[in-house]
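Below is one structure, written out as structure tokens; the observations come after it.
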Amino acid sequence: MIAPLYKRILLKLSGEALMGDDKYGINHAVMGRIVAEIEEVSKLGIEIAIVVGGGNIFRGMKSANDGLERVTADYMGMLATVMNALALQDAMKLVGLVPRIQSALRIEQVVEPYIRGRAIRYLKDGKIVIFAAGTGNPFFTTDTAAALRGMEMNVDIMLKATKVDGIYTSDPKIDLEATRFHKLTFDEAIAKNLQVMDATALTLCRDQKLPLSVFSIFKAGALKRIITGEDEGTLVTV
């Protein structure tokens with residue numbers, strides 16, 4: 001068996017990934033497939049932290065444009081991530097994984113608050129830590145929360161799970177000539193405005209030298225292939 005390249009990872013799951021081809025909500029078949037990918041990697045002894053988005057339930061920016069105050073909309077989005085985290089936790093328990101949710105917003109009756117030392121202890125004990133509620137502050141995306149938690153957890157790499165199998169020169173669904181980047185630097189990704197993730201998150205990763213891999217969570221075995229160093233997705237480094 002090929003030895004994994006990384007000991008501790010942070011997986012960023014978008015809310016959109018959880019809804020599959022549905023218009024909104026959580027597609028439980030898709031959730032099951034995602035959990036199976038996570039379980040496969042967990043069996044390699046990898047310590048796994050997860051940041052989950054909430055766009056399948058609530059999209060803050062759009063709602064702000066539709067009349068809600070941006071701060072209110074962002075807090076509603078944070079609560080949506082807690083809902084996704086609870087669903088993900090249940091799906092993980094069904095296959096025998098041991099998840100723990102930590103929330104940047106205090107909702108003790110539902111999930112425990114984010115405590116860095118406790119989260120690191122969970123990871124070392126082989127538990128999977130799901131971080132919910134973003135950074136706990138409005139105006140910051142869950143991509144930025146993922147970069148922040150990745151650095152706080154001292155992970156070896158951040159993995160952004162999307163519907164596309166990497167970063168392309170243009171949208172591959174529209175441009176049939178689009179080609180996938182195998183490797184990029186953070187400066188190139190920012191300069192080319194490739195819409196990998198928001199600029200704040202990219203800058204955080206660049207400044208702290210935290211590698212980023214962008215891949216499709218819908219390709220069977222893709223997560224494991226990244227962990228074992230195969231050519232999958234796009235690797236972004238300093």
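The values are calculated or read from the model by the stated rules, or taken from the named source; none is laboratory data. Note that the structure is a prediction, hence the values are computed from the model and not measured. Positions of Cβ are generated from backbone atoms using ideal geometry, with glycine treated the same way; all protein chains shown enter the neighbour counts. Heavy atoms of the whole protein, side chains included, go into the accessibility calculation; ligands, DNA and RNA do not. Shrake-Rupley method; radii C 1.70, N 1.55, O 1.52, S 1.80 Å.
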request  = State the number of residues belonging to the stretch 185-227 that are assigned to a loop (DSSP other than H, G, I, E, B) and either modelled with pLDDT of 95 or more or among the small types (Gly, Ala, Ser) (or both).
outcome  = 6
message = Of the conditions (1) part of a loop (DSSP other than H, G, I, E, B); (2) at pLDDT 95 or above; (3) of a type in the set (A, V, I, L, M, F, W, C), residue 123 satisfies every one except a single condition; which number is it?
response = (1)
inquiry  = Quick check on this structure: which one of 171, 187, 231, 175 is in contact with a His (Cβ under 8 Å, 6 or more places away or on another chain) and either of a type outside the set (Gly, Ala, Ser) or more than 18 Å from residue 151 (Cβ to Cβ) (or both)?
reply    = 231
Residues (more than 22 Å from residue 152 (Cα to Cα), open to solvent by 10 Å² or more (accessible area, probe 1.4 Å) and within 17 Å of the chain's Cα centre (by Cα)) located in the stretch 185-216 = 195
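Please go through the stretch 149-184 and give me each residue that is assigned to a strand (DSSP E or B) and either surrounded by 13 or more Cβ atoms within 10 Å (Cβ to Cβ) or touching a helix residue (DSSP H, G or I) at 6+ places or on another chain (Cβ under 8 Å) (or both), ordered by number.
157, 158, 159, 160, 161, 162, 167, 168, 180, 181, 184
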task = Can you work out which of the residues in the stretch 113-146 that are within 21 Å of residue 6 (Cβ to Cβ) and touching an Asp or Glu at 6+ places or on another chain (Cβ under 6 Å) is most open to solvent (accessible area, probe 1.4 Å)?
result = 116
inquiry  = Every residue in the stretch 12-47 that is basic (Lys, Arg) and in contact (Cβ under 8 Å) with a residue 24 or more places away in the chain, please.
reply    = 12, 33
key: First in the stretch 127-141 and of a type in the set (Lys, Arg), second anywhere and in a strand (DSSP E or B), Cβ under 7 Å, 6 or more apart   = 127/99; 127/100
